[in-house]
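Q: Supplied in structure tokens, the structure appears directly below.
Rule-based calculations on the coordinates, nothing more; no lab input. Keep in mind that what you see is a predicted model, and the values were worked out from it rather than measured. Neighbour counts are summed over all protein chains in view; Cβ atoms, including those assigned to glycine, are modelled from backbone coordinates with ideal geometry.
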Amino acid sequence: MRLSLPRLIAKRSNESKKSLDVDDASLQLEQMYAAEKAVNFRWISRLLATKSSYVLSPKDVAPPCISHFLAQIIQFAQLAIGISSPDFLFRNLDLLSRPDFPLDKSLYDALGGSIFIESFIGDVAQLQGYTVYRPEQKQLVVAFSGTTTVRQALHDVNALRVHYNGSPPHCLVHSGFYSLYRGIKELAIRSLRNSVQKFHPETIVCTGHSMGGAIAYFLCLDLMRDTEELLGKDMNIIVAVFGCPRLGNPELASYWRSLAESYREKHGPRSLLEVSVKGYNDGVPALPPAFLGYVHVCTNPYFLCEGQIYCVPPSECEHTVFTVAKDENSNTGPSIFPRGGHNYYVQDLEKLGRCMEWIDVVSSGEAGWEERYKKKKAQWEKKWMNRGSRGT
């Protein structure tokens with residue numbers, strides 16, 4: 001049985017503590033945070049994020065179906081990470097999903113049975129995306145990488161606003177994100193169109209983490225507006241993003257919401273699902289800052305805190321910091337990511353990225369990847385064992 005978010009977090013927490021006492025568990029956390037290399041934007045959260053006066057409580061907990069769906073889709077979003085090849089990952093999924101390997105099946109349980117279609121690289125800053133079909137769910141998933149290179153980061157900080165093609169006047173979007181999207185749009189749509197004809201899915205899922213979420217939103221906007229023209233038929237659409245930044249100005253947000261309303265009126269209330277998750281202590285959803293004229297397009301976001309997903313009221317959709325009243329009867333267990341941050345949406349993306357670097361198929365090729373991974377992993381564990389024995 002596949003796990004929902006609370007059960008997955010509890011499972012991870014329990015597994016990590018089966019043979020650990022309190023001191024060992026503390027050391028494990030210390031090692032995890034000491035090993036961080038990627039920016040987790042906690043300082044941005046402290047500097048720019050606004051705190052809601054609304055207190056999230058057990059009555060705001062998201063329905064189990066949402067929790068279950070997100071626990072699955074985050075896995076596909078993370079595999080889009082630009083330092084690895086989705087083609088390689090899916091071809092070697094049986095090996096990579098063994099215990100102590102990067103895609104341990106006990107944690108990445110939604111990938112099996114998926115049919116990998118193709119990966120593609122955009123013309124702008126080599127942004128990566130890929131498509132995969134999930135036969136059991138009849139879902140066609142398109143996932144986009146978050147920022148992994150300096151060139152992509154330069155687009156991230158280009159917060160000038162430009163007009164979104166085909167939208168009403170005054171609809172302005174983040175220039176850098178939009179440039180990245182335009183560089184990959186045709187490749188993504190062509191892959192979707194061919195896959196729709198081949199697999200006849202019921203639903204298209206657009207997903208991504210961080211900047212990849214912004215790209216997923218732009219694609220979803222175009223699909224809502226021109227579904228039949230782009231894909232040849234009407235489709236159910238889901239956009240599911242994690243740690244997504246703001247996309248544009250209030251006029252763009254209004255345009256998005258009017259398109260969403262029209263799409264649901266035409267195709268049914270369940271034809272479009274929007275799931276935008278903000279994580280505890282993640283500053284990226286606070287960017288670009290509101291004082292630059294940016295807003296979120298999603299009016300019903302979700303908030304992830306200590307393994308639990310909460311529904312955020314529409315009135316609080318611009319906030320990214322919330323007080324959470326804990327449920328004393330909750331059985332989700334202690335948080336294994338107590339500091340939160342941008343790379344800790346259910347799974348440890350920092351760790352996954354590190355493991356992908358150990359495998360290093362991009363620069364070293366696929367030959368010998370398994371032994372390369374085992375060697376690097378052993379060196380890593382020895383390093384931290386020595387540090388622990390010295391008490392540092």
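Q: Within a 10 angstrom radius of the beta carbon, how do L160, L287, L259 rank from fewest other beta carbons to most?
A: L160, L259, L287
Q: Still on this model: Within the range 199-308, report the GluC sites (Glu not before Pro) that DSSP leaves as loop and that have at most 13 other Cβ atoms within 10 Å.
A: Values: sites: E202, E228, E229, E251, E261, E265, E274, E306; in loops: E202, E306.
Sparse-neighbourhood loop GluC sites (Glu not before Pro): E202.
Q: Placing +1 on the Cβ of each Lys and Arg and -1 on the Cβ of each Asp and Glu in the chain, which of I81, S26, G146 has its Cα farthest towards the positive end of the resulting dipole?
A: Result: S26, furthest along the dipole toward the positive end.
Q: Gaussian network model of the chain, Cα springs within a sub-10 Å range: biggest mean-square fluctuation belongs to which of V173, V150, V239?
A: V150
Q: Near the amide H of I309, under 5 Å away, which other amide H atoms are found, from residues 5 or more places off or on another chain, if H is placed in the peptide plane?
A: A62
Q: Also, quick follow-up: Helix-only mean residue ellipticity at 222 nm, the chain, DSSP H runs n ≥ 4 weighted -39,500 (n - 2.57), per residue, nearest 500. What is it? Show your work: numbers first, answer last.
A: On the way: 14 runs with 164 residues, N = 392.
When only DSSP H runs of four or more count, the value is -13000 deg cm²/dmol.
Q: If you don't mind, there's one more thing I want to ask. Test of understanding: ordering F199, F322, F337 by Cβ neighbours within 10 Å, fewest first, what list do you get?
A: Working: F199 16, F322 19, F337 25.
Going from sparsest to densest Cβ surroundings: F199, F322, F337.
Q: Related question: State the dimensionless ratio Rg/Rh of the range 40-347 (Rg: radius of gyration of Cα atoms; Rh: Kirkwood radius). Before the final figure, lay out each step's value.
A: On the way: Rg = 18.3 Å, Rh = 19.5 Å.
Expressed as Rg/Rh, it is 0.94.
Q: Which residue, T203, T131, T323, tops the fluctuation ranking in a GNM of the chain built on C-alpha contacts under 10 Å?
A: Top of the fluctuation ranking is T323.
Q: Net charge near N40, counting Lys/Arg +1 and Asp/Glu -1 over other residues with Cβ under 9 Å of its Cβ?
A: Numbers: positive: R42, R339; negative: E36, D282, E350.
Surrounding charge for N40 is -1.
Q: Next up: Excluding G176 itself, what net charge comes from residues whose Cβ is under 12 Å from its Cβ, given Lys and Arg +1 and Asp and Glu -1?
A: That works out to +2.
Q: Moving on to the next point. Would you mind telling me the antiparallel percentage of the DSSP bridges in the range 40-347, rounded to 5?
A: Percent antiparallel among DSSP bridges in the range 40-347 is about 45.
Q: Which residue fluctuates the most in the chain, going by a Gaussian network model with Cα springs under 10 Å, if the choices are P289, P64, P102?
A: So, out of P289, P64, P102, the one fluctuating most is P64.
Q: Determine the sum of side-chain charges near E316: Lys and Arg each +1, Asp and Glu each -1, restricted to other residues whose C-beta is under 11 angstrom from that of E316. Intermediate results must be reported in sequence, preceding the final value.
A: Details: positive: K51, K278; negative: D60, E318.
With Lys, Arg at +1 and Asp, Glu at -1, the net is 0.
Q: Rounded, prolate or oblate, given the Cα gyration tensor of the range 103-247, with a/c below 1.5 counting as rounded? Before the final figure, lay out the partial values.
A: On the way: a/c = 2.00, a/b = 1.30, b/c = 1.54.
Oblate, because a/c is 1.5 or more while a/b does not exceed b/c.
Q: Also, quick follow-up: For the range 84-99, take each phi angle, set θ = phi - 60°, evaluate the Karplus expression 6.51 cos²θ - 1.76 cosθ + 1.60, and give the result in whole Hz per residue in order, putting x for glycine and proline.
A: 10, 9, x, 4, 4, 4, 6, 5, 10, 4, 4, 6, 6, 8, 6, x
Q: Going by how many other Cβ atoms sit within 10 Å of their own, how do I117, I66 line up, fewest first? Please list the in-between numbers first.
A: Numbers: I117 22, I66 19.
With the sparsest Cβ surroundings first, the list reads I66, I117.
Q: Moving on to the next point. Which entries in the list K138/K185; K105/K376; K37/K383 go over 18 Å, if you measure between the two C-alpha atoms of each?
A: On the way: K138/K185 23 Å; K105/K376 21 Å; K37/K383 16 Å.
Violating the 18 Å limit, Cα to Cα: K138/K185; K105/K376.
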